[in-house]
Amino acid sequence: MHSFLIGLQFLTRIRLVCQTEWTAEDFGRSTRFFPLVGLVLGLCYALAAYVLLYTIGAHTLTSVLLMLLPLILTGGLHADGLMDTADGMFSGRERERKLEIMKDSRVGSFGVVTIAAMMFIQYALLADMVPLLLIPALFVMPIIGRLAMVICIACFPYARKDGLGKIFADMADRRTLLIAAVTTILLVLPFGMGAWLALFAGVLFALLFCRFITGQLGGVTGDVYGATTVLTETVVLFVFSVVSTQQALISASIQTMCSVLELLWKSL
């Protein structure tokens, strides 16, 4: 429980209990509970979606507020990692210089453009999704996103000799990954084929993205952990948006067929 609360406090702005004394071991053990941190976020997102859909409806304002909510509840931690990763990777410099750029606290033009583009994409995916799938999509999104972070931590080497992210990397092992994976599967399982497709796509993307970054930097960093989370969450929304479109097309086709059959019946 102590490790879970540390992970919750580190990855979000949610404070169930204020933890003031942390050790490297506490940080490392919290990694296996990251999907449970995603569960807390997913409950918040799903509840917010339900309230907004009930009070405002499926309008532009609802999509905008739901897009901003993750930034508010996480304090922009993962978004900052995405921006720093974009600044380094798009700089076109050598490995060491890329790592220096990513460590710089200032945000460059590549980072600004990347986060802006990501927010536009997430808004479009939320706006295009049917309300019936919006709530389950927002529930499983942070859970799968935190599993992607665990995969990044446990399966890929750390690119720097030191850093906060190295604490997680040093403590993560196969047991950590197994616990996180089983937790995620159990939480995602009840939400049907769309959630399973999103889980498969999210895991596949995380592996490919981290492998690409490792090829460029010789490993991953704390910023890459955040970038992996944000991008994987966007992949989850994309999968649900595609499923939503297919369901809408099927529903429209069924309605058309029923109308045609009704006309044929009346003409007989």
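The values are calculated or read from the model by the stated rules, or taken from the named source; none is laboratory data. The structure presented is a predicted model; accordingly, all values stated were derived computationally and were not measured. Glycine also receives a Cβ, built like all others from the backbone with ideal geometry; neighbour counts cover every protein chain displayed. Only protein heavy atoms, including side chains, enter the accessible area calculation; ligands, DNA and RNA are left aside. Shrake-Rupley method; radii C 1.70, N 1.55, O 1.52, S 1.80 Å.
If you go through segment 211-224 one residue at a time, do you hit one that is of a type in the set (Gly, Ala, Ser), modelled with pLDDT under 95, assigned to a helix (DSSP H, G or I) and within 29 Å of Gly7 (Cα to Cα)? Scanning segment 211-224 turns up at least one residue that is of a type in the set (Gly, Ala, Ser), modelled with pLDDT under 95, assigned to a helix (DSSP H, G or I) and within 29 Å of Gly7 (Cα to Cα).
Condition check for Met193 on (1) at pLDDT below 90; (2) open to solvent by less than 70 Å² (accessible area, probe 1.4 Å); (3) among the aliphatic types (A, V, I, L, M): one failure, at (2).
The single condition among (1) buried (at least 16 other Cβ atoms within 10 Å of the Cβ); (2) farther than 21 Å from Leu208 by Cα that Phe156 does not meet is (2).
Scanning segment 78-123 for residues that are part of a loop (DSSP other than H, G, I, E, B) and surrounded by fewer than 16 Cβ atoms within 10 Å (Cβ to Cβ) gives Ser91, Gly92, Arg93, Glu94, Asp104, Ser105, Arg106, Val107.
Out of the residues in segment 6-26 that are buried (at least 19 other Cβ atoms within 10 Å of the Cβ) and not in a loop (DSSP other than H, G, I, E, B), which is modelled with the highest pLDDT? The selected residue is Leu11.
Pairs linking a residue in segment 90-113 that is touching a residue at least 40 places away in the same chain (Cβ under 8 Å) to a residue that is hydrophobic (A, V, I, L, M, F, W, C) and open to solvent by less than 80 Å² (accessible area, probe 1.4 Å), with Cβ atoms under 6 Å and 6 or more positions apart or on different chains, are Arg95/Leu217.
So is Tyr50 in a helix (DSSP H, G or I), open to solvent by less than 60 Å² (accessible area, probe 1.4 Å) and at pLDDT 90 or above or not? When the stated conditions are applied, Tyr50 does not pass them.
Just so you know, in segment 66-76 the residues that are out of contact with any Pro (no Cβ under 8 Å at 6 or more places or on another chain) and surrounded by 20 or more Cβ atoms within 10 Å (Cβ to Cβ) include one that is farthest from Pro131 (Cα to Cα), and it is Thr74.
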